Amino acid sequence: MKRRNKPLTARVTRDGVLTIEIGVETLAHAAKYGDFGTDLGGVEVTSPRVLAIDVATALRDELGEDGSTILTQALDRAIGAAIEAGSDGVRLEGE
């Protein structure tokens, strides 16, 4: 499989880095068939690479005065979900 078709993955590398990856063609497919909760309807992706660059920018753009981004908000939700699911990697204060 070509890396541009890589499905969305999240993993921890041997050297301790959390990586989240998706191929640009997979991202384009998600854009074409995604439900964005708007009246935009379907989209035609003319350049998967340019779309991926723009999505990466949107993930990093600050949303408010607190400096949060779409990506930091997603990480906050994922951390919360892992804790609620009983992650063995944390100990709740007061326990």
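Just so it is clear, none of the values below were taken in a lab; they were calculated from the coordinates. In this text the structure is predicted, and so the values were computed from the model without any measurement. Every residue, glycine among them, receives a Cβ derived from its backbone with ideal geometry; neighbour counts consider all protein chains shown.
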Fill in: Neighbourhood charge, 14 Å Cβ-Cβ cut-off, centred on Ala74 and excluding it, Lys, Arg +1 and Asp, Glu -1
0
Item to complete: Calculate, for Tyr33 and Arg4, the FRET efficiency according to 1/(1 + (r/R0)^6) with r their C-beta to C-beta distance and R0 25 Å; round to the nearest 0.05.
Response: 0.90
Item to complete: Give a residue-ordered list of calculated ³J(HN,Hα) values for the range 78-91 (Karplus: 6.51 cos²θ - 1.76 cosθ + 1.60, θ = phi - 60°; whole Hz; x for Gly, Pro).
Response: 5, 4, x, 5, 5, 5, 5, 7, x, 3, 6, x, 9, 10
Fill in: Computed over the chain, the ratio Rg/Rh where both radii use C-alpha atoms and Rh is Kirkwood
1.04
Worksheet entry | Sequence-separation-based contact order of the chain, relative, with Cα cut under 8 Å and 6+ spacing, percent | 15
Discussion item. I'd like the Karplus ³J(HN,Hα) series for the range 55-72: coefficients 6.51, -1.76, 1.60, θ = phi - 60°, whole numbers in Hz, and an x wherever there's a Gly or Pro.
Written reply: 5, 4, 5, 4, 5, 9, 5, 5, 9, x, 5, 7, x, 5, 10, 4, 5, 5
Item to complete: State the extension gain, in nm to one decimal, for the chain segment bounded by Ala74 and Arg14, taking 0.36 nm per residue of separation less the distance between their alpha-carbons.
Response: 19.3 nm
Fill in: Neighbourhood net charge (10 Å Cβ-Cβ; Lys/Arg +1, Asp/Glu -1) for Arg4
+3
Worksheet entry | Per-peptide average of other Cβ atoms within 10 Å, ordering 49-55, 30-36 highest first | 49-55, 30-36
Fill in: Neighbour net charge for Gly23 - beta-carbon separation under 12 angstrom, K R +1, D E -1
+3
